Amino acid sequence: MRLNGKVFEAVVSLLERRRPLDLYHSALLVYVPEGCYAIESAPVPDAEAQARGVVAGGPVGSRWAGRFRIFRYEIRCWRDGTIPDLGEAVDSPQRLTEDEAVARRLLRLTPEVPTPVWGRDELRTGDMWNSNSIVSWLLAQSGLDAESTDMPRGGRAPGWHAGLEMDRRQRSRPGGAVDRRPPG
């Protein structure tokens, strides 16, 4: 994935006429009295979803390709789970709250994360959907100020805006209901 990210950023930075930046992949560790939950998205490695705390998932690249496991992603909310690349984190972790009620709300919301096609702007937010979208959506929906969350210097988190835009759209609807369907 690291090579794909570097190629992607090289192309985007060339098109935007700027220097390439580091790309960041967001994940969360949520602490409550009964344990720590790892929340992240990743490729689907096998059919043992329950063992990894999988609560949702979606297609990667295209809806058609999503029929095959290799083109699917999963969202995990895994008690005592791991985030494999945590050791490579930059400027992390950031403690966002000590409020247990907010932490519990975030955990309850995890199965409700929208699951559009990964790596595409299927929701027409102006940004692709990915792990950063999932994290920014969860933070915003749980009541945290995701717009003011500090990003590490010298990099960017593609997809962050998509999660914030979905949060705004849902809050503007009567009842703020989660709608997993793409527009149109």
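The values are calculated or read from the model by the stated rules, or taken from the named source; none is laboratory data. From a predicted model like this one, the values you see are computed outputs, not experimental measurements. Don't worry about glycine lacking a Cβ; one is built from the backbone with ideal geometry, like all the others, and counts go over all protein chains shown.
Inside segment 148-174, can you point out the residues that are in contact with a helix residue (DSSP H, G or I) (Cβ under 6 Å, 6 or more places away or on another chain) and closer than 26 Å to ARG19 by Cβ?
Selection gives ALA157, GLY159, TRP160, ALA162, GLY163, LEU164.
Give the residue that is modelled with the lowest pLDDT, with candidates limited to residues of segment 18-33 that are in a loop (DSSP other than H, G, I, E, B) and more than 15 Å from the chain's Cα centre (by Cα).
LEU21
Given (1) over 24 Å from ARG156 (Cβ atoms); (2) modelled with pLDDT of 95 or more, identify the lone condition not met by VAL44.
(2)
Determine whether segment 125-142 contains at least one residue that is among the aliphatic types (A, V, I, L, M), over 28 Å from PRO45 (Cα atoms) and buried (at least 19 other Cβ atoms within 10 Å of the Cβ).
Scanning segment 125-142, I find at least one residue that is among the aliphatic types (A, V, I, L, M), over 28 Å from PRO45 (Cα atoms) and buried (at least 19 other Cβ atoms within 10 Å of the Cβ), so the answer is yes.
From the residues in segment 36-68 that are closer than 21 Å to SER133 by Cβ and among the polar types (S, T, N, Q), which one is surrounded by the most Cβ atoms within 10 Å (Cβ to Cβ)?
Here the answer is SER41.
Which residue, of ARG76, ARG153, is modelled with pLDDT of 90 or more and among the basic types (Lys, Arg)?
From the options ARG76, ARG153, the qualifying one is ARG76.
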